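Some notes on the structure that comes next.
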Amino acid sequence: MMKIKTALMFLVSAASAFAIRTAEIRTTKLDKTEEVKTVQLNEVEKDVWRLRIPVNEISRDTKSIVVVNDWAKAAKGEDGFFLTPNGGYGTFRIDDGKEVETHPHLRMFAMKNPRGAFLAIVKGLKFEYTLIAEAKKGKYEIYPRFNIDKIDFDPYEDIVIDFYKLDSDKANYSAIAGIYRDFLIKDSKLVPLAERVKGNPTLQNTANTMYARIKFARCDRRKAPPSAWKKAGYKPEMIVDHTFDDAKRIMKNFKDLGMDDIEVCFVGWHKGGHDGPFPDLFPVPEEIGGEAKMREAVAYGKSLGYRMTVHTNHHNYYSNAARFDEKNVNKNKDGTWRVYTYWPGGKAYHSCFLTVLNRYLNEDIARLKDIGINGTYHVDVTSIRIPSPCCNPLHPLTRQAMVDVENKIGRKLRENFGGFSSEGKFDHVAPTLDYGLYVRWDSLAKNTIIDKDVPLNELVLNGIILSNPYYGTIDAPYERKAGENLSDVNKPYCVMGTARRARLKVIEYGGRPSFYYIDYSDLAPMKWIYDDWQKLKYLQFRFFVFHDEIAPDVFLSRWDNGDEIISNYTDKPFVYKGETVKPVDYRLFKSRSAAVKPLAQSNEGAKASLFGADNADAKPPRTVRRVKIGK
């Protein structure tokens with residue numbers, strides 16, 4: 001109790017002297033000495049206070065700079081919350097803990113406490129910081145730490161953070177997301193999905209379809225430990241999951257079951273399988289049928305009405321690739337090649353996206369268009385991490401410049417294929433990204449300082465960029481359990497616990513059902529969520545504007561047209577607006593305003609009444625279609 005009182009007294013006394021318009025700057029030098037000073041912020045518009053550290057004041061002997069607004073502090077036991085850019089929501093309830101986000105999804109963070117509430121948006125050196133929320137002896141802080149010594153160049157612009165003063169009575173994570181969405185739309189010139197699909201049949205198709213990734217060949221990651229991958233001469237076994245003839249049978253079964261709204265992506269179709277020696281894509285392995293059979297499968301899928309796309313990679317750059325050229329490799333500032341990691345397929349270096357753009361991309365686009373690819377083009381990794389800088393003197397790029405090139409690539413892919421998709425949904429590529437395979441790798445709530453995950457990314461970007469919520473909701477609603485060989489990384493893949501909960505999370509967060517690790521031998525679970533998708537896909541064209549837990553394990557999701565979904569994770573029925581939501585199920589509630597209509601397509605499900613259709617007994621259909629898989 002004494003600790004709580006001491007912390008509270010500290011913050012009350014601080015509040016009497018300071019407010020949102022002051023911040024503490026903590027500078028650490030390379031020799032480990034520290035400097036601390038308090039600065040006044042400038043009000044650049046009503047209730048928006050700016051912290052600016054001019055680039056010429058950032059000395060070359062600086063290791064890091066921490067910025068702590070005086071409202072970014074709280075004490076254990078106080079009312080309020082903090083919000084991290086990756087969707088971590090925490091309250092002030094523990095003595096010690098720390099959340100470190102080295103790759104923030106969004107350029108923002110927030111806190112509400114008894115002294116006030118704010119949203120902070122990082123606008124200068126915005127790709128050069130780590131976001132930290134921590135509690136020490138009951139004292140909380142949330143702040144960005146600018147990693148000046150990791151820039152690899154002189155700092156190239158001012159540090160700028162704008163602190164938006166919020167109405168404490170109205171401050172919640174949904175409202176905060178809305179402010180940040182409005183900022184991004186204006187700052188990054190984002191165009192809502194409903195507008196982008198006009199005159200774009202590829203993107204219109206992507207927005208209305210589920211995503212089915214068919215695995216062909218892959219390097220075996222299980223037979224040997226990662227330590228063996230580094231040994232000279234190591235060659236992994238190539239596992240064949242499917243052939244192109246298998247893919248034709250899978251697509252035929254989709255069609256026979258009435259699943260017309262599917263976008264098909266080929267994974268591991270390229271040289272060496274997944275993860276083969278990028279930037280090489282060709283030749284297509286003969287073990288899965290070779291290029292002739294690939295062309296045949298692409299043409300067959302298109303004949304069934306499916307748009308066809310492929311999985312590629314611009315991030316990994318293998319020294320054993322035929323197209324490898326050390327003049328094109330990403331380098332550290334000491335001139336060494338910038339190592340990414342070892343995969344079974346070889347030692348991978350970071351690529352420089354400028355060389356991808358100028359040396360490889362045109363050739364890949366032409367070859368794949370000739371094969372017949374006509375779906376939203378998928379590039380691994382790009383949207384799931386902030387890129388590294390490149391110090392190769394032939395093509396030096398800061399992180400900001402590298403992000404600019406990533407978006408140039410995204411624009412070129414949009415121009416040639418109609419859409420660009422990638423692994424995640426970070427906002428640095430929001431100007432050109434159309435779909436992210438997953439938003440979260442795992443639950444942040446596994447960290448004791450985080451109370452729960454909230455759909456912050458979806459509240460900001462749904463209606464602009466499509467996505468699936470978690471790595472663990474890929475393949476929802478298929479059952480999965482520990483030890484299964486569905487995914488190489490099993491724990492996050494199983495984070496939802498049950499198939500029904502995974503299905504419900506996709507729906508609650510307004511996600512696009514996406515499949516990857518299944519073998520498509522049993523299509524009943526896929527058809528189950530396909531039927532959900534037919535009723536709900538129109539919401540992909542709306543902004544997701546509100547989310548809250550309205551009862552224990554019961555969640556409300558609301559879109560900008562007033563339509564609502566109640567997701568009930570409990571084992572008991574839940575009544576909302578006089579209607580029953582069954583256990584571990586959802587119910588769609590249509591807005592009473594008939595004048596508000598979806599922006600880009602008609603609502604093909606739940607047309608007739610105020611309330612959406614009941615979901616039967618929340619069980620998958622009994623019909624099972626099996627695919628005969630070739631050896």
### Message
Taking 0.36 nm per residue of sequence separation and subtracting the Cα-Cα distance, how much length would be gained by fully extending the chain between S521 and D96, in nm to one decimal?
### Response
148.2 nm
#### Entry: Farthest positive-ward along the range 266-324 dipole, Cα basis, beta-carbon charges - from G289, P279, H311
H311
### Summary
Gyration tensor on Cα atoms of the range 28-92, a ≥ b ≥ c root eigenvalues, a/c under 1.5 rounded, else prolate if a/b beats b/c, else oblate, says oblate
## Note on the structure
Regression test value, accessible area per residue of the chain, probe 1.4 Å, units Å², expected 40
### Summary
Ordering K577, K126, K252 by the accessible surface of their heavy atoms, 1.4 Å probe, largest first, yields K577, K252, K126
## Note on the structure
Gyration tensor on Cα atoms of the chain, a ≥ b ≥ c root eigenvalues, a/c under 1.5 rounded, else prolate if a/b beats b/c, else oblate, says oblate
### Task
Return the distance in nm (one decimal) between the two label points of a simple spin-label model at E134 and D404, each offset 7 Å from Cα along Cα→Cβ.
3.4
### Query
In the range 131-188, with Lys and Arg counted as +1 and Asp and Glu as -1 at Cβ, which of these residues, Y180, I151, S168, has the Cα nearest the positive end of the dipole, that is, farthest along it?
S168
### Query
Can you give the accessible area of R295, probe radius 1.4 Å, in Å² rounded to 10?
80
### By accessible area with a 1.4 Å probe, ligands and nucleic acids excluded, highest first: order of M111, M496
M496, M111
## Note on the structure
Computed from the beta carbon distance with a Förster radius of 25 Å, FRET efficiency for K235 and A322 to the nearest 0.05 stands at 0.95
## Note on the structure
Relative contact order of the chain (C-alpha contacts under 8 Å, at least 6 apart) in percent is 12
#### Entry: In the range 339-400, the chymotrypsin sites (Phe, Trp or Tyr not before Pro) that fall in loop regions by DSSP, at most 11 other Cβ within 10 Å
none
### With at most 15 other Cβ atoms within 10 Å, longest stretch of the chain clear of loop GluC sites (Glu not before Pro) (DSSP)
238-478
### Task
Looking at the chain, send over the antiparallel percent of its DSSP beta bridges, to the nearest 5.
80
### Query
If you take the charge dipole of the range 508-548 about its Cα centre, with +1 on Lys and Arg Cβ and -1 on Asp and Glu Cβ, which of Y538, Y509, P525 is farthest toward its positive end?
Y538
### Query
Can you flag which of K452/K572; K73/K189; K327/K408; K112/K446; K452/K527 are past 27 Å Cα-Cα?
K73/K189; K452/K527
### Query
Magnitude of the Cβ-charge dipole of the chain, K/R +1 and D/E -1, about the Cα centre, nearest 20 debye?
640
### W441 accessible area, assembled protein chains, probe 1.4 Å, Å²
110
### Task
Compute the relative contact order of the range 82-234 as a whole-number percentage, counting only Cα pairs closer than 8 Å that sit 6 or more residues apart in sequence.
19
### Query
Full extension from K452 to D47: what is 0.36 nm times the residue separation minus their Cα-Cα distance, to one decimal in nm?
142.9 nm
#### Entry: Solvent exposure, largest accessible area first (probe 1.4 Å, DNA, RNA and ligands not counted), of I65, I550
I550, I65
### Message
Tell me which trypsin sites (Lys or Arg not before Pro) from the range 446-546 have a DSSP coil assignment and no more than 13 other beta carbons within 10 Å of their own.
### Response
K481
### Task
Restricting attention to the chain, give the cysteines that have no other cysteine Cβ less than 4.7 angstrom from their Cβ.
C219, C265, C391, C494
### Task
Set the Förster radius R0 to 45 Å, insert the Cβ-Cβ distance between S168 and T341 as r into 1/(1 + (r/R0)^6), and round the FRET efficiency to 0.05.
0.50
### Task
State the extension gain, in nm to one decimal, for the chain segment bounded by E291 and K491, taking 0.36 nm per residue of separation less the distance between their alpha-carbons.
68.5 nm
### Message
Could you work out what % of the accessible surface of the chain is carbon and sulfur, using a 1.4 angstrom probe and leaving DNA, RNA and ligands out of the count?
### Response
51
### Query
Separation between the T38 and V191 pseudo-spin-labels, each 7 Å from Cα along Cα→Cβ, expressed in nm?
4.9
### Query
So how much accessible area does W71 have, in Å² to the nearest 10, using a 1.4 Å probe?
20
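The values are calculated or read from the model by the stated rules, or taken from the named source; none is laboratory data. Just so it is clear, the model here is predicted, and its values are computed rather than measured. We place every Cβ from the backbone using ideal geometry, glycine too, and count neighbours over all the protein chains shown. What goes into the accessible areas is simple: the full protein's heavy atoms, side chains included, and nothing from ligands, DNA or RNA. Shrake-Rupley method; radii C 1.70, N 1.55, O 1.52, S 1.80 Å.
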